[in-house]
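The values are calculated or read from the model by the stated rules, or taken from the named source; none is laboratory data. What you are looking at is a predicted structure, and each value in this text was computed from that prediction instead of being measured. Backbone-built Cβ (ideal geometry, glycine too); neighbour counts: all protein chains shown. These accessible areas exclude ligands, DNA and RNA; they are computed on the full protein's heavy atoms, side chains included. Shrake-Rupley method; radii C 1.70, N 1.55, O 1.52, S 1.80 Å.
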Amino acid sequence: MIITVQYALFAVLLIGGMLLVGAAFSAPILPGVVFVAGIICFSLAFIIPMMNARHDMR
């Protein structure tokens, strides 16, 4: 169950981050903030599974 939730969160953050980075180029207001939010989401998509795997190894 936890692995399924983690995979769903990974997919949502990964796709959401890509969409935000792409949307930043056509955003009329604060495109830099939208771009940075996309990079943060994209980074979290990879950091969360790595942190959970590290925690499970202890």
Could you check the range 31-48 and list, in sequence order, the residues that are within 14 Å of the chain's Cα centre (by Cα), surrounded by fewer than 15 Cβ atoms within 10 Å (Cβ to Cβ) and not aromatic (Phe, Trp, Tyr)? 36, 39, 40, 43, 47, 48
Can you find, within the range 1-25, the residue that is most open to solvent (accessible area, probe 1.4 Å) among those that are of a type outside the set (Val, Ile, Thr) and over 24 Å from residue 53 (Cα atoms)? 25
Scan of the chain for residues that are of a type in the set (S, T, N, Q) and free of Cβ contacts under 8 Å to residues at least 40 places away in the same chain, ordered by number: 4, 26, 43
Kindly indicate the residue of the range 49-58 that is more than 12 Å from the chain's Cα centre (by Cα) and of a type outside the set (D, E, K, R) and also most open to solvent (accessible area, probe 1.4 Å) among those meeting that condition. 57
Condition met for residue 17 (modelled with pLDDT of 85 or more and within 9 Å of the chain's Cα centre (by Cα)): yes
Looking at (1) part of a helix (DSSP H, G or I); (2) exposed (fewer than 15 other Cβ atoms within 10 Å of the Cβ), which is the one condition that is false for residue 28? (1)
